[in-house]
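**Student:** My questions all concern the structure below.
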Amino acid sequence: MKTFVDATGKTWTVTINTSAVKRAKETAGVYLVDMVKEESDLYGRLLLDPVLVCDVAYGVCEPEVKARKFTRDDFNAVLVGDAIAAAREAILGDLVDFFPNPIRSIFRKALAGPPDGRGPASGGSSGNSPAPSASTPAT
């Protein structure tokens, strides 16, 4: 379970489980489990598309959104700027924990990027996948 703070200072809880994955597919049209597939471009899309992040966050947080009596528009209105990045990081962090080992360990390393501290989007991979496959030959 991870949390993020929206633009108004409210804290939201991200819990990725099977229900949340299904809700994200309904609200955003993405299957979060695909993130670990080598050919997936979902990581890059989440980095570059703030609207997609908001749609995924809504699906993941929908029970809490409804409990707070927010509409989808209310929720989207408080996800701006750094709050979108915080939501994305909470979603990615909890998505890692959703997977069983050894996938969890591999996914965590892929999201962390190379030892020099660069994340996967800044040189660790092509942006189309979290990380190169172990079967990819070194050049």
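**Student:** Short version: what are the Cα gyration tensor semi-axes of the range 2-122, square root of 5 times each eigenvalue, largest first, in whole Å?
**Tutor:** Semi-axes, largest first: 24, 16, 13 Å.
**Student:** Also, I was wondering about something else. When Lys and Arg each count +1 and Asp and Glu each count -1, what net charge do the other residues less than 10 Å away from Arg68, Cβ to Cβ, add up to?
**Tutor:** +1
**Student:** Calculate one ³J(HN,Hα) per residue across the range 32-49 by plugging θ = phi - 60° into the Karplus curve 6.51 cos²θ - 1.76 cosθ + 1.60, and present them in order as whole Hz with x for glycine and proline.
**Tutor:** Per-residue couplings from phi come out as 4, 4, 5, 3, 7, 6, 4, 7, 6, 9, 4, 4, x, 5, 5, 6, 9, 10 Hz.
**Student:** Pairs Lys25/Lys66; Lys10/Lys109; Lys2/Lys66; Lys37/Lys66: which exceed 21 Å Cα-Cα?
**Tutor:** Long pairs (Cα-Cα over 21 Å): Lys10/Lys109; Lys37/Lys66.
No value in this document is a laboratory result; all are computed from the given coordinates. Owing to the predicted nature of the structure, the values given are computational and were not obtained by experimental measurement. Positions of Cβ are backbone-derived with ideal geometry, glycine not excepted, and every protein chain shown enters the neighbour counts.
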